[in-house]
Amino acid sequence: MCTKPFKLEERRLQSYELGANRELQENATQLAYRDMNTRFLNMERESLQGQGQEQEQKARMQEHLQRKKQLEAAWHKNTRGQMEGLKQRAASQNNKEKAYYEPFSLKELEVFMKNSDRGGNSDEYNNVATDLELYNRLEGKAEENESLELLSRLNESCDTYLRTRKKSPWGSSGKIRRAMIEQISEKVKLALSEKQSKLQTGMEESYSALQAQENEQTISMACKAHFDLVYQCLQGTIQLDEEQRKKLDRQMAEVFEKLRDVPVDQNQSKSIPTQFFNAIGWAAHLPKTVDSIQNEDLEHSPMHRKAFHSIEPVGDMKDATSLAQQLIGEGQAGTRQFYSDGMYGRGTYLAVRSNVKGANDEATSEHCWSYGKKQGAVQLTMCYNENARIIEEGELNLLVARKLSVMFPQIAEKLNRMRSALRVRQGDEMMTIKAALFGFNTVKGSNGSGDAKTDYFVTADRKALTIGTVAQISLKEDDGYLNNDNVYLK
């Protein structure tokens, strides 16, 4: 595992918060997971131990406790109006029995959970409530694989609550709470079982179809199905026995090799990462687009700063406008992402000002023009949004060495040995594929460390980006940052 698991967890939670809190509904509170879920709190506490940060740790825990009291009070107040309507739909008159809650969806059961007031909730109760809230808020927004991971965590919290509570609580409120969570647990287990079974069946059926007839469609379907199952195994959401895991490892490595024969779009780079991201569907995702990046966009960015990307015209192109339009998904219908070559895997490379003193957006933009020296080069301004799942190069290398290589050695070896036919650069071309196996769509490279004022990022999924459609076009060779004009991509 990574040496800094809290850092990864906190970064992912920040993205969840940005997405879930962007458009809060009436009477809804911000996500409570950060302040009330012991899975996160324990990781945070451990990250501050043994570093001379006892005072910070104590202050942080006091802040969480204060927020817990405020959030619980808001939960009770905000759900009162909803409760009367829900009670009329109950399956029985006895709210101390699991059957009473059977007609309600998980979103409605979240209302019951938040409305229950015992003068302060236990950690185990709030773990269920916050995992349920997180799952419900991100339903339809998170990737299906990520959603299944959140569902698995909710299942774990339900099991812990029911295991640590009496089967027949003495008090009325205790019986009500147990009945609610028993019903939540039953619904979650059913959904989890169906999704897990579907993944395993999908892997088996897609591989059988591939063996029966090998073509672009069957290879791509097998790649997506095997990718989904590998991801869940790496997350611990699905447990396979040794024989099943070795079979998945062998078949996925075989599918990677077959990807070489899959065609790509005419305006894409012929490379294994392109073929892979086409197959799993990420290449078809589109970015968010705005006229220009505003403070509101930066507020909803996990990095709160702008990013820049330059594109040079190729061949006999007059300028790179059409290539920039491809990046934002404009122009030719169905245009998929172009995966550029680079040090940290293939994808869209961005320059972002670092935390070094003196770094600024203007200097970063100027530096980025060094990748667009030709006349007619285009530079886009953008930022990462709540869909970004960012991992640093060093963190990823540790995950690969300590997890992927241990659980799926054939996949790891295949990715380390594979090389696209036109590969000319140094670095790990497959890095963005490795990141995707762990659920990350963006890699932060290490070249921007030390005294460098620009950090380098590469993104394999345009959904992670919010892009300004009023870009800059270079009017003179080598002087893009001095001689440029607006170009409108939409």
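The values are calculated or read from the model by the stated rules, or taken from the named source; none is laboratory data. All figures in this text were calculated on a predicted structure; none of them were measured in a lab. Note that we place each Cβ from the backbone using ideal geometry, even for glycine, and neighbour counts take in every protein chain shown. The area values use the complete protein model at the heavy-atom level, side chains included, leaving out ligands, DNA and RNA. Shrake-Rupley method; radii C 1.70, N 1.55, O 1.52, S 1.80 Å.
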Q | Euclidean distance between Cα centres, the stretch 287-314 to the stretch 120-185, Å | A | 37 Å
Q: Using θ = phi - 60° and the Karplus relation 6.51 cos²θ - 1.76 cosθ + 1.60, list the HN-Hα couplings for the stretch 280-292 in order, rounded to whole Hz, with x at every Gly or Pro.
A: 8, x, 5, 5, 8, 5, 10, x, 7, 10, 9, 4, 8
Q | Unsatisfied cross-links (Cα-Cα over 23 Å) in the set Lys270/Lys403; Lys141/Lys195; Lys195/Lys270 | A | Lys270/Lys403; Lys195/Lys270
Q.
Given the DSSP H assignment, sum -39500 (n - 2.57) over each helix run of at least 4 residues in the chain and divide by its residue total; what's the result at 222 nm in deg cm²/dmol, nearest 500?
A. -15500 deg cm²/dmol
Q) If you place +1 on the Cβ of every Lys and Arg and -1 on the Cβ of every Asp and Glu, how big does the dipole about the Cα centre of the chain come out, in debye to the nearest 20? A) 1380 debye
Q.
I'd like to check one number: the per residue accessible area of the chain, probe 1.4 Å, reported in Å² as a whole number.
A. 47 Å²
Q: Mind listing the long-range amide H neighbours of Asn484? Cut-off is under 5 Å, sequence gap 5 or more, other chains count too, H placed in the peptide plane at 1.01 Å from N.
A: Leu475
Q) Among the lysines, which fall within straight-line cross-link reach of Lys198, defined as a Cα-Cα distance under 16 Å, with same-chain neighbours fewer than 8 residues apart omitted? A) Lys189, Lys224
(Q) Please list, in order along the stretch 318-328, the HN-Hα scalar couplings obtained from phi with the Karplus expression 6.51 cos²θ - 1.76 cosθ + 1.60 (θ = phi - 60°), rounded to whole Hz, x for Gly and Pro. (A) 5, 8, 9, 4, 5, 6, 5, 5, 4, 4, 8
Q) Taking all protein chains as present, what is the carbon and sulfur share of the accessible area of the chain, in % to the nearest whole number, probe 1.4 Å? A) 45 percent
**Q.** Amide hydrogen neighbours beyond the local backbone of Thr454, cut-off 5 Å, H modeled
**A.** Ser354
Q: Would you mind checking the tilt of helix 5-20 against the longest principal axis of the Cα atoms of the chain, expressed as 0 to 90 degrees and rounded to 10?
A: 90 degrees
Q) Taking Rh as the Kirkwood radius computed over C-alpha pairs, what is the Stokes-Einstein D of the chain at 10 °C in a medium of viscosity 1.306 mPa s, expressed in µm² per second? A) 64 µm²/s
Q: Taking the dipole about the Cα centre of the stretch 200-279, with the C-beta of Lys and Arg at +1 and of Asp and Glu at -1, give me whichever of Phe227, Phe277, Gln200 is farthest to the positive side.
A: Phe277
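Please work out the ratio of the alpha-carbon Rg of the stretch 354-409 to 2.2 N^0.38 Å and round it to two decimals. If you can, show how the numbers build up before the last one.
Details: Rg = 17.5 Å, N = 56, 2.2 N^0.38 = 10.2 Å.
My calculation over the Cα atoms of the stretch 354-409 gives 1.72.
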